[in-house]
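Peer 1: Please find one structure pasted underneath; my questions will follow.
The values are calculated or read from the model by the stated rules, or taken from the named source; none is laboratory data. All of these numbers come straight from a predicted model, not from anything done at the bench. Ideal geometry is used to build each Cβ from the backbone, glycine not excepted, and the neighbour counts take in all protein chains shown. Only protein heavy atoms, including side chains, enter the accessible area calculation; ligands, DNA and RNA are left aside. Shrake-Rupley method; radii C 1.70, N 1.55, O 1.52, S 1.80 Å.
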Amino acid sequence: MSIFGRIRDGLRKTRDAIFGRIAAMLNSFTKIDEDLFEELEELLVMGDVGIYTAEKICDELRKRVKQEGITDPKRINGLLADVITEMLKGGQELHISTKPSVILVIGVNGVGKTTTIGKMAASFVRQGKKVTLAAADTFRAAAIDQLQIWAERSGADIIKQNEGSDPAAVVFDAISAAKARGSDIIIADTAGRLHNKKNLMAELEKINRIIDRELPDADKEVLLVLDATTGQNAVNQTKEFKNAAGITGIVLTKLDGTAKGGVVLAIKEELDVPVKYIGVGEQIDDLQPFEPEQFARALFGAEDYEEEEDIAPQSADTEAADNTEEEEYRPATADIWAQIDAEAAAEAEAQAAAQQEAEPQPTEEEIEKQKEEERLEKERRAEERRSRAKKYNWSTSPAPETSAADDDWFEQWKKGEQ
């Protein structure tokens, strides 16, 4: 299957749940009015695009509809695809031109960091690059074993130490080995961490100091791996890690298992952090470099793509050999993967429980403050709706969720009293 075909299939749930509903909604309208834009905004928010980004998309659509004199609601779909493509462009390329370059991979437990590293390594090796993996997640023995499997499968070198070793020492050894062996890329795995765990963040700072000292002129990417199924929580994680670890890009995994693919837009637009890879399946080549135009076309169900091509043309003999290797690989490692998944799930559950116990319960004063903030936010949204009504000469009644005060104001405004 082509690259575009894999992306299209991987985004099926998001497309069917959100963008399919958008197309159906547009077909139900006979004219373009404020009701259409309000309903479109609601559907975008439901797709985890985020309120801020949904509003920005709809405002841009209003502007283009007016500029181009569009009256057919069905044409909104094409405009929406163009707007999404433009919003996602910029920064998605990896900056790894030096030899060696370093990719530091971070994130919380259970998002697929180690698997992502293995797939990235396989992709680089297929491009003819020499890759060295640093098994710097020394807190979990299964992580080292898992990365060893991926190193063997992808043809990458691996530098590792015993469980409990200093992660910075592993990265130092990996840099030394990469220099000696002429590696093009060093990819460092790290332990799952939350941004508020001071000891783990200090460890990450130590790793960065080692890299900057040993490879002062090398290109370095700090990639945060996120689970797309967490929706808006992925946006919150990005915000915190951006402040704490200086991330340069995002790897968004498990897009094939969720209808929340709109979170890609929220991350790029709200936080200005580019998505560099997306995971759309479980196979080794289902981790794809992020291409905004392909992503947007896949969201809207395009059946073809003018630049569609396979990752690498293969002969029949090569393809047969790859299939044989796949069949031999899976049975031999099934038990290991089951153990890895079980340990990762147990560790993530224990960490979440410990964090919940450690978090102080809010006081009554804090609860009241939160309620007041929510009330002010509602007032702000109401005022924005009123401003928008004036700006676009709103000629239909307010949305059902508006308050009685909004309705009264609206009626007065229509009569010219405001």
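Peer 1: Given the criterion in a loop (DSSP other than H, G, I, E, B), modelled with pLDDT under 80 and in contact with a Leu (Cβ under 7 Å, 6 or more places away or on another chain), identify the matching residue among GLY261, GLY281, GLY301.
Peer 2: Being in a loop (DSSP other than H, G, I, E, B), modelled with pLDDT under 80 and in contact with a Leu (Cβ under 7 Å, 6 or more places away or on another chain) holds for just one of GLY261, GLY281, GLY301, which is GLY261.
Peer 1: I've got another one for you. Quick one: how many residues across region 97-130 are assigned to a loop (DSSP other than H, G, I, E, B) and under 24 Å from GLN237 (Cβ atoms)?
Peer 2: Counting residues in region 97-130 that are assigned to a loop (DSSP other than H, G, I, E, B) and under 24 Å from GLN237 (Cβ atoms) gives 6.
Peer 1: Next question, about the same structure. Under 9 Å between Cβ atoms, which residue pairs at least 6 apart in sequence (or on different chains) link something in region 119-133 that is in contact (Cβ under 8 Å) with a residue 12 or more places away in the chain and at negative phi with a partner that is assigned to a helix (DSSP H, G or I) and among the aromatic types (Phe, Trp, Tyr)?
Peer 2: Pairs found: LYS119/TRP150; ALA121/TRP150; ALA122/TRP150; LYS130/PHE124; VAL131/PHE124; LEU133/TRP150.
Peer 1: Still on this structure, I have one more. Anything in region 41-54 that is without any contact (Cβ under 8 Å) to a residue 60 or more places away in the chain and either open to solvent by less than 30 Å² (accessible area, probe 1.4 Å) or touching a Leu at 6+ places or on another chain (Cβ under 6 Å) (or both)? List them, or say none.
Peer 2: Passing the criteria: GLU41, LEU43, ALA54.
Peer 1: Quick check on ASP59: is it of a type in the set (Asp, Glu), at pLDDT below 85, more than 30 Å from ILE207 (Cα to Cα) and open to solvent by 30 Å² or more (accessible area, probe 1.4 Å)?
Peer 2: Considered against the rule, which asks whether it is of a type in the set (Asp, Glu), at pLDDT below 85, more than 30 Å from ILE207 (Cα to Cα) and open to solvent by 30 Å² or more (accessible area, probe 1.4 Å), ASP59 comes out as no.
Peer 1: Next up: Please determine whether any residue of region 238-256 is touching a Ser or Thr at 6+ places or on another chain (Cβ under 7 Å), closer than 15 Å to PHE295 by Cβ and charged (D, E, K, R).
Peer 2: Within region 238-256, not a single residue is touching a Ser or Thr at 6+ places or on another chain (Cβ under 7 Å), closer than 15 Å to PHE295 by Cβ and charged (D, E, K, R).
Peer 1: Name the residue that is surrounded by the most Cβ atoms within 10 Å (Cβ to Cβ), counting only residues in region 72-109 that are out of contact with any strand residue (DSSP E or B) (no Cβ under 7 Å at 6 or more places or on another chain), of a type in the set (S, T, N, Q) and at pLDDT 90 or above.
Peer 2: Checking each candidate, the answer is THR98.
Peer 1: Then there's this: Here are THR248, THR190: which of them is in contact with a helix residue (DSSP H, G or I) (Cβ under 7 Å, 6 or more places away or on another chain) and within 17 Å of VAL105 (Cβ to Cβ)?
Peer 2: Matching residue, one of THR248, THR190: THR190.
Peer 1: Mind telling me which of the residues VAL65, VAL45, VAL49 ends up being modelled with pLDDT under 90 and either outside any helix (DSSP H, G or I) or farther than 14 Å from LEU265 by Cα (or both)?
Peer 2: Exactly one of VAL65, VAL45, VAL49 is modelled with pLDDT under 90 and either outside any helix (DSSP H, G or I) or farther than 14 Å from LEU265 by Cα (or both), namely VAL49.
Peer 1: A further question on this structure: Hey, can you tell me all the residues within region 1-40 that are modelled with pLDDT of 85 or more, in a loop (DSSP other than H, G, I, E, B) and surrounded by fewer than 17 Cβ atoms within 10 Å (Cβ to Cβ)?
Peer 2: Correct list: SER28, PHE29, THR30, LYS31, ASP33.
Peer 1: Find all pairs meeting these conditions: Cβ atoms under 6 angstrom apart; at least six residues apart or on different chains; first residue within region 198-212 and farther than 16 Å from ILE187 by Cα; second residue outside any helix (DSSP H, G or I) and open to solvent by less than 80 Å² (accessible area, probe 1.4 Å).
Peer 2: As it stands, the answer is LEU200/ARG193, since those pairs meet every condition given.
Peer 1: Right, here's the next one. Output the residue which, of all residues in region 201-245 that are acidic (Asp, Glu), open to solvent by 30 Å² or more (accessible area, probe 1.4 Å) and more than 16 Å from the chain's Cα centre (by Cα), is farthest from ALA266 (Cα to Cα).
Peer 2: GLU214
Peer 1: Got at least one residue in region 253-273 being farther than 26 Å from MET46 by Cβ and in contact (Cβ under 8 Å) with a residue 40 or more places away in the chain?
Peer 2: no
Peer 1: Please verify whether region 116-137 includes one or more residues that are open to solvent by less than 30 Å² (accessible area, probe 1.4 Å), among the acidic types (Asp, Glu) and under 20 Å from LYS242 (Cα atoms).
Peer 2: no
Peer 1: Quick check: is even one residue across region 139-148 open to solvent by 10 Å² or more (accessible area, probe 1.4 Å), closer than 16 Å to ILE210 by Cα, in contact with a strand residue (DSSP E or B) (Cβ under 8 Å, 6 or more places away or on another chain) and of a type in the set (A, V, I, L, M)?
Peer 2: There is no residue in region 139-148 that is open to solvent by 10 Å² or more (accessible area, probe 1.4 Å), closer than 16 Å to ILE210 by Cα, in contact with a strand residue (DSSP E or B) (Cβ under 8 Å, 6 or more places away or on another chain) and of a type in the set (A, V, I, L, M).
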